[in-house]
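What follows is one structure encoded as structure tokens, with my remarks underneath.
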Amino acid sequence: MPGCLPINIDNLLHLRGVESARVEFKASWDDAYTGIQVLHTICAFANDFQNLNGGYTIIGVAQEQGLAVLPPKGLTPQEIEAAQHWIRGKCNTIDPVYQPILSPEVVDGRYILVIWAPGSDVRPHQVSDMLERGSNRSYYIRLGDETVDVTRKPELLTQLMQLTARVPFDDRRAQQATVLDLRETKVREFLQDIRSDLVNESDSKTMYRCLRITVPVNDHDVPKNVGLLFFTQDPEQWFPGARIEVVQFADNAGGNLLEEKFFNKMPIHEQLQGCLSYLGNLSTRRLEKTPDRPEVGGWVSYPFQALREALVNAVYHRSYEAMPEPVKVYLYPERMEIISYPGPVPGLEKSHFDGSDPLPPVPARNRRIGDFLKELRLAEGRGTGLPKVRRSMQENGSPPPRFDFDDARSYFRVTLPAHPEYIVVLALQDAARLRAG
């Protein structure tokens, strides 16, 4: 029988395509101790405080310094059955009731149990510490890799309450579309790319539900917005502006337009991949061999990792709700600008982007888009992308990137200055063309 997890089990165990903070390992199972911890963690993942789409608890796998110890210790089939029965029963004590997805798996010939707890549509949830109805209940969230009781933490509890029944736009039902608008071939291509066993599910309805891109409504299923963004031929049919535009100028704004390139009429991850390939081909590279070093050095006009992280960030964190403006990439002789709309969510300030202050635990705008991009190995874990932009620019010998947005937070712009030698090369080429003319 095909697995019901949207992620490849090997990738999950090695934390590929999912942040370590969203995975909890438990070496063994017992009702009294492990069970209570697992129940609180399920509640925390369901509350999805940072809109990262919950997380996974893996029972039967020990951990060391946050990493899985493999091969797994494993559970007996009897322990797997008992744990599932206990978890399903105790999850009925969560208020409102919440049931995670339980997926027994076999790894290296040993049984483990994966508990997948996606972000809930009816948060916040609370659960009793003593597992008895009528006793004190607590609200739990995930902060980093810890499950935290915020019942007596007024500031965090207030933030959690502000998320009451608030579903991120990408995870909402798309009542304006039908399941027939989804392209099964694109869903299977995606599952093949991320090596999910769900690709072996022959029934498309079951496959869509397991991937959580559809949801039952009355007597039929309707797609979610994330399904239309990733698995239709033209997302702009439902979300105007869901495209990427690249514009190349001969000089600064107001100068001659050299070329325009639109990435549209394809799913947003294919737009992203196509645009990255296009920008990579435009980049100029110079290699240098020095007599005192065995490796080849040099520079590139724009380091690929920097432009990749900046563009992925734009696609991931932009709004697709009533936002007709596309992601824009402007190429000038001395810089590249990547602009998305609107600006950062409240709580993020400019000091969080230049590295002056650590990233606060504010909810992300899109939880499902981020999940899918991470599983495709396009996006990084939360808070790691922009530091990589700064680091790759520095390692290339380029000036530091700039991050800015206006007071109204109507846009967010990443500016990548070109490598200084690249600017000199362009100036020399322009001078040569003038002389030749």
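Just a few scattered comments:
- All positions within region 159-182 that are at pLDDT 95 or above and over 18 Å from residue 119 (Cβ atoms): 177, 178, 179, 180, 181, 182
- For region 125-144, the criterion of being at pLDDT 95 or above and out of contact with any strand residue (DSSP E or B) (no Cβ under 9 Å at 6 or more places or on another chain) is met by none of the residues.
- When the test is whether a residue is assigned to a strand (DSSP E or B) and among the basic types (Lys, Arg), residue 388 does not pass it.
- Being under 26 Å from residue 55 (Cβ atoms) and among the hydroxyl-bearing types (Ser, Thr, Tyr) is a description that applies to residue 384.
- If you go through region 156-182 and keep only what is under 23 Å from residue 208 (Cα atoms) and more than 22 Å from the chain's Cα centre (by Cα), you end up with 175, 176, 177, 178, 179, 180, 181.
- Number of the exception - residue 153 against (1) surrounded by 13 or more Cβ atoms within 10 Å (Cβ to Cβ); (2) at positive phi: (2)
- The residues of region 133-163 that are in a loop (DSSP other than H, G, I, E, B) and within 22 Å of residue 22 (Cβ to Cβ), listed by number, are 144, 145, 150, 153, 162, 163.
The values are calculated or read from the model by the stated rules, or taken from the named source; none is laboratory data. Here the structure is a predicted model, which means the values were calculated and not measured. Here Cβ is always computed from backbone atoms with ideal geometry, including for glycine, and neighbour counts include all displayed protein chains.
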